[in-house]
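S.K.: Please find one structure pasted underneath; my questions will follow.
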Amino acid sequence: MRRQLIAGNWKMNLNRASAVALALQIVEKADGCPRADLAVCPPAVYLEAVGKVVAGSRVGLGAQNMFYQLSGAFTGEISGEMLRDLGCQYVILGHSERRNILGESSEFVNRKVHAALNLGLTPMVCVGELLAEREAGDTAQVIRRQFDGTFSGLNAEEMLRVIIAYEPVWAIGTGKVATPEQAQEVHLQLRQLIAERYQESVAQQVKILYGGSVTAENAGGLLSQPDIDGALVGGASLKAEQFLGIAAQARDTQN
Ligand code: PGA
């Protein structure tokens, strides 16, 4: 049995006041979603302010990125240790916007995954195919390649502490959500990859979230699939009502 996690990826949105207000609304109503674990991932500059709001509540705090070095001459970067210092439990790594706009490779993301795990942070690691790759019938191959590159060198104990987010790039911010069947197919493939590379008992415990145009309207079908253990929500996480509406539909995954 896996407990579902609904995480909000606020991306580069909001300002200090609206980030704090959104976090407050979510904290106040979090008890209405007892079956979901909840997390919010504000922009780095608002982590401290939002962290104060969610401290001691059921809502976890996550960052959207980090660098793999602990400290040093890395202008503009933020270390995992700094994130921990601000009370983060989670960090999103390898989001497709970073892979495709900022040019991050799986090898680069892999270093961050190791660094996050070494610091006791829970990485939410994104994988997903482009539209052209899906249309060419290459989805399974792309997912396998990203999986092997991104999780290279992790032992079973480390793999158990990873959260995977399957985010088909064509579904992110487009309003074009994957059907529950399309998502389930890739989630099952990911679980099988974990079983092959580690063992079945590891595969059964790793949380695999779906992300890409999730809303309160389409969440039910996705969250009832046997291998979907929650959602990484972008646009809809910027409205408390939508985000909580998604979380209200969470339930333990059993397969
Ligand atoms: P979206 O973004 O829900 O706005 O499609 C999801 C994500 O990129 O994590």
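S.K.: Based on the alpha carbons, how large is the Rg to Rh ratio for the stretch 81-123 when Rh follows Kirkwood?
M.R.: 1.01
S.K.: Provide, in order from the shortest bin, the percent of all Cα-Cα pairs of the stretch 1-134 in each 5 Å bin, continuing until the bin that contains the maximum pair distance.
M.R.: Taking every Cα pair in the stretch 1-134, the percentages come to 2, 10, 20, 21, 20, 14, 9, 4, 1.
S.K.: What is the magnitude of the charge dipole of the stretch 41-130 about its Cα centre, with +1 placed on the Cβ of each Lys and Arg, -1 on the Cβ of each Asp and Glu, and no other charges, expressed in debye to the nearest 20?
M.R.: It comes to approximately 200 debye.
S.K.: In the chain, with Lys and Arg counted as +1 and Asp and Glu as -1 at Cβ, which of these residues, Asn100, Met1, Val59, has the Cα nearest the positive end of the dipole, that is, farthest along it?
M.R.: Val59
S.K.: Something else: What is the sum of charges, Lys and Arg at +1 and Asp and Glu at -1, for the other residues whose Cβ falls under 14 Å from the Cβ of Ser106?
M.R.: +2
S.K.: Output ³J(HN,Hα) for the stretch 53-67: one whole-Hz value per residue in order, computed from phi by the Karplus curve 6.51 cos²θ - 1.76 cosθ + 1.60 with θ = phi - 60°, and x for Gly and Pro.
M.R.: 6, 8, 3, x, 9, 7, 9, x, 10, x, 9, 9, 5, 7, 9
S.K.: How many times 2.2 N^0.38 Å is the alpha carbon radius of gyration of the chain?
M.R.: The chain yields a ratio of 0.93.
S.K.: Just to confirm my numbers, what's the Cα centroid distance between the stretch 113-191 and the stretch 15-66 in Å?
M.R.: 24
S.K.: Would you mind checking which residues have amide H under 5 Å from Val233's amide H? H placed 1.01 Å from N; only 5 or more apart, or other chain.
M.R.: Placed amide hydrogens put Ala7, Gly8, Asn9 under 5 Å from Val233.
S.K.: Ok, one more. Solvent-accessible area per residue for the stretch 127-255 at a 1.4 Å probe radius, Å²?
M.R.: 40
S.K.: When the gyration tensor of the stretch 161-213 is built from Cα positions, what are the square roots of 5 times its three eigenvalues, in whole Å, from largest to smallest?
M.R.: Semi-axis lengths for the stretch 161-213 are 23, 10, 7 Å.
S.K.: Assuming R0 = 30 Å, what is the FRET efficiency of Gln199 and Ala136, from their Cβ-Cβ distance, to the nearest 0.05?
M.R.: So, using R0 = 30 Å, E works out to roughly 0.40.
S.K.: Given a 1.4 Å probe and every protein chain left where it sits, what share in percent of the accessible area of the stretch 93-233 is carbon and sulfur?
M.R.: Carbon and sulfur atoms account for 51 percent of the accessible area of the stretch 93-233.
S.K.: Return the sequence-ordered ³J(HN,Hα) values of the stretch 145-159 in whole Hz as given by the Karplus equation 6.51 cos²θ - 1.76 cosθ + 1.60 applied to θ = phi - 60°, using x for Gly and Pro.
M.R.: 5, 5, 4, 5, x, 6, 10, 4, x, 7, 8, 4, 5, 6, 4
S.K.: Report the one residue of Val113, Gly173, Ala236 whose Cα lies farthest in the direction of the positive end of the charge dipole of the chain (charges on C-beta: Lys and Arg +1, Asp and Glu -1; origin at the Cα centre).
M.R.: In the chain, that residue is Ala236.
S.K.: Another question, then. As an exercise, use a Förster radius of 51 Å and the Cβ-Cβ distance of Asp31 and Leu102 to find the FRET efficiency, rounded to the nearest 0.05.
M.R.: Approximately 0.85, to the nearest 0.05.
S.K.: Sticking with this one: As a test of understanding, state the convex hull volume per residue of the stretch 125-222 from its alpha carbons, in Å³.
M.R.: 92
S.K.: Another question about this same structure. Determine ³J(HN,Hα), in whole Hz, for all residues of the stretch 101-112 in sequence, where each value follows from phi through the Karplus function 6.51 cos²θ - 1.76 cosθ + 1.60 and θ = phi - 60°; x replaces Gly and Pro.
M.R.: Values per residue, Gly and Pro as x: 8, 9, x, 6, 8, 4, 5, 5, 5, 4, 4, 5 Hz.
S.K.: As I understand it, the dipole of the chain uses +1 on the Cβ of Lys and Arg and -1 on the Cβ of Asp and Glu, about the Cα centre. Which of Ala36, Ile208, Ala195 lies farthest toward its positive end?
M.R.: Of the listed residues, the answer is Ala36.
S.K.: Something else: With each pseudo-label sitting 7 Å past Cα toward Cβ, what's the Phe74-Asn15 distance in nm, one decimal?
M.R.: Output for this residue pair reads 3.1 nm.
S.K.: Under the 0.36 nm per residue contour assumption, what length would be gained going from the current alpha-carbon distance of Glu181 and Lys239 to full extension?
M.R.: Extending this stretch completely gives an extra 18.2 nm.
S.K.: Hey, another quick one. With charges set only on the Cβ (+1 for Lys and Arg, -1 for Asp and Glu), what does the dipole of the stretch 205-255 come to about its Cα centre, in debye to the nearest 20?
M.R.: Dipole size: approximately 80 debye.
The values are calculated or read from the model by the stated rules, or taken from the named source; none is laboratory data. Fair warning: this is a prediction, and the values are worked out from it, not measured in the lab. FYI the Cβ positions are ideal-geometry reconstructions off the backbone, even for glycines, and counts take in every protein chain you see. Areas reflect the complete protein model, heavy atoms only, side chains present, ligands, DNA and RNA absent. Shrake-Rupley method; radii C 1.70, N 1.55, O 1.52, S 1.80 Å.
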